[in-house]
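Visitor: So that we are looking at the same thing, I have put the structure below in structure tokens.
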Amino acid sequence: MTNITELAERATAGFASRFDGATPAGVWQAPGRVNLIGEHTDYNDGFVFPFAIDRSTVVALAPRADRTVRVTSAFSDEVVTVELDAITPDALSDWSAYPLGVVWALGEFGADLTGVTGFDAFIDSDVPIGAGLSSSAAIECAIAVALNDTWQLELNRETLAKVGQLAENKAVGAPTGIMDQSASLLGKKDAAVFLDCRSLDAEVINLGFEAADLVLLVMNTRVSHAHATGGYAARRSSCERGAAEMGVSSLRDLDVDDLPRATEVLDDETLRRVRHILTENRRVLDTVRTLRLEGPTAIGDLLVASHVSMRDDFEISVPELDLAVETALASGAIGARMTGGGFGGAAIALVRTADLSSVSDAVMRAFSDAAFTEPELFTVTAADGASRVS
């Protein structure tokens with residue numbers, strides 16, 4: 001992990017190298033996120049419980065005197081150049097759709113883009129790509145806070161989250177909900193964001209991991225996934241079909257008490273998709289209540305039940321994720337589950353600090369024995385949300 005000061009310095013140097021020795025006007029950061037529980041519930045108007053992590057995307061940015069926008073990154077030698085007035089979702093592709101999509105989406109949320117200048121931006125990050133830690137939302141939120149400051153738009157954090165979601169949905173083409181952007185913008189140290197994705201009411205809930213001497217181990221399987229492709233969109237379609245066949249506008253209008261009727265109305269696959277959403281919403285509420293009443297050592301069974309539901313009902317796990325979860329639990333983890341959209345990415349394990357080494361070693365051995373690609377293991381802590389660094 002690179003600390004934020006080092007990342008900012010790296011971005012400043014990268015900006016200078018790509019833009020003829022120029023100095024950025026500022027550097028802004030937005031963290032990735034881990035979703036503690038509440039998977040695929042966000043686009044069903046349900047409940048989620050993510051937290052911002054101590055890995056971030058940074059953007060070094062400087063306004064220009066004209067209407068030209070230039071964006072580049074540490075991950076590509078390409079400098080994408082476009083005029084502000086030419087930025088539309090249909091005109092964007094590849095990695096630049098994330099930052100440039102935010103420019104377009106700001107206009108959709110009321111920013112007067114006719115009165116602003118273009119800008120140069122260099123992006124760097126230590127959020128692993130494709131690991132289910134929301135590297136995409138980190139880019140969107142870093143650009144959003146940078147432009148909100150630079151253009152003096154005075155948009156609040158909740159609106160910037162909607163901007164990021166719109167950019168991801170329309171410019172990138174990934175049908176995601178608002179959870180990732182909300183976590184990146186609203187996060188607080190050693191706390192998670194309890195978000196109602198229908199009302200967008202958000203409450204910061206203390207996790208208490210530090211006081212309980214717990215750490216969250218991320219087990220990145222290195223199995224890459226892409227939300228803009230098949231599986232994610234298919235799951236969303238199944239949820240929409242299930243809601244329609246149950247006669248409601250969203251699965252949020254149902255709860256676990258409606259499952260007997262769903263069994264009579266829905267085909268088997270749609271039933272399982274719906275059952276995951278309804279039980280996952282209940283697990284989020286139970287997790288928040290359990291944290292308040294009993295503390296973090298009591299939430300393990302809820303994390304495990306979430307993984308089983310994603311594996312069996314929503315069918316978004318893969319063998320590597322299952323192995324990581326099963327091995328961590330067998331080696332002493334309090335709870336474990338896959339996190340993120342699925343079809344690859346990372347699993348998480350809530351572990352006592354004293355057990356971290358033994359759990360990590362066991363996971364590495366299990367992957368080696370299975371002839372899987374060596375996983376990337378690291379701990380994360382709940383961190384503050386997006387901000388200006390310098």
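Visitor: For Gly295, which of the numbered conditions (1) closer than 22 Å to Phe49 by Cβ; (2) at pLDDT below 95 fails to hold?
Guide: Among (1) closer than 22 Å to Phe49 by Cβ; (2) at pLDDT below 95, the lone unmet condition for Gly295 is (2).
Visitor: Sticking with this structure for a sec: Could you check the range 149-165 and list, in sequence order, the residues that are open to solvent by 10 Å² or more (accessible area, probe 1.4 Å) and in contact (Cβ under 8 Å) with a residue 40 or more places away in the chain? Spell out how you get there, then give the answer.
Guide: We begin by selecting, within the range 149-165, every residue open to solvent by 10 Å² or more (accessible area, probe 1.4 Å); these are 149-159, 162, 165.
Asp149, Thr150, Trp151, Leu153, Leu155, Arg157, Glu158, Thr159, Lys162, listed by residue number.
Visitor: Among (1) in contact with a strand residue (DSSP E or B) (Cβ under 9 Å, 6 or more places away or on another chain); (2) at positive phi; (3) surrounded by fewer than 24 Cβ atoms within 10 Å (Cβ to Cβ), which single condition is Gly38 missing?
Guide: (3)
Visitor: Quick test of your reading of the structure: Pro128 fulfils all but one of (1) modelled with pLDDT under 95; (2) of a type outside the set (A, V, I, L, M); (3) in a helix (DSSP H, G or I); (4) closer than 30 Å to Thr339 by Cα. Name the failing condition by number.
Guide: Only one criterion in (1) modelled with pLDDT under 95; (2) of a type outside the set (A, V, I, L, M); (3) in a helix (DSSP H, G or I); (4) closer than 30 Å to Thr339 by Cα is unmet by Pro128, namely (3).
Visitor: Name every residue in the range 184-201 that is in contact (Cβ under 8 Å) with a residue 24 or more places away in the chain and surrounded by fewer than 19 Cβ atoms within 10 Å (Cβ to Cβ), in order of residue number. Explain how you work it out, then say what you get.
Guide: From the range 184-201, those in contact (Cβ under 8 Å) with a residue 24 or more places away in the chain are 184-198, 200; that's our starting set.
Listed by number, the residues that qualify are Lys188, Lys189, Asp190, Asp196, Arg198, Leu200.
Visitor: Check off (1) farther than 29 Å from Ala243 by Cβ; (2) assigned to a strand (DSSP E or B); (3) of a type in the set (A, V, I, L, M); (4) touching a helix residue (DSSP H, G or I) at 6+ places or on another chain (Cβ under 7 Å) for Val48 and give me the number that stays unchecked.
Guide: (1)
Visitor: Could you list all residues from the range 310-335 that are out of contact with any Gly (no Cβ under 8 Å at 6 or more places or on another chain) and either open to solvent by less than 10 Å² (accessible area, probe 1.4 Å) or under 13 Å from Ser360 (Cα atoms) (or both)? Spell out how you get there, then give the answer.
Guide: If we filter the range 310-335 for residues that are out of contact with any Gly (no Cβ under 8 Å at 6 or more places or on another chain), which is where we start, we get 311-313, 315, 319, 322-328, 330-332.
Leu323, Ala324, Val325, Glu326, Thr327, Ala328, Ala330, Ser331, Gly332, listed by residue number.
The values are calculated or read from the model by the stated rules, or taken from the named source; none is laboratory data. Only a predicted model underlies this, so the values are computations on that prediction, with no experimental measurement involved. All Cβ positions, even for glycine, are placed from backbone atoms using ideal geometry, and neighbour counts span all protein chains on display. Ligands, DNA and RNA are excluded from the accessible area calculation, which covers all protein heavy atoms including side chains. Shrake-Rupley method; radii C 1.70, N 1.55, O 1.52, S 1.80 Å.
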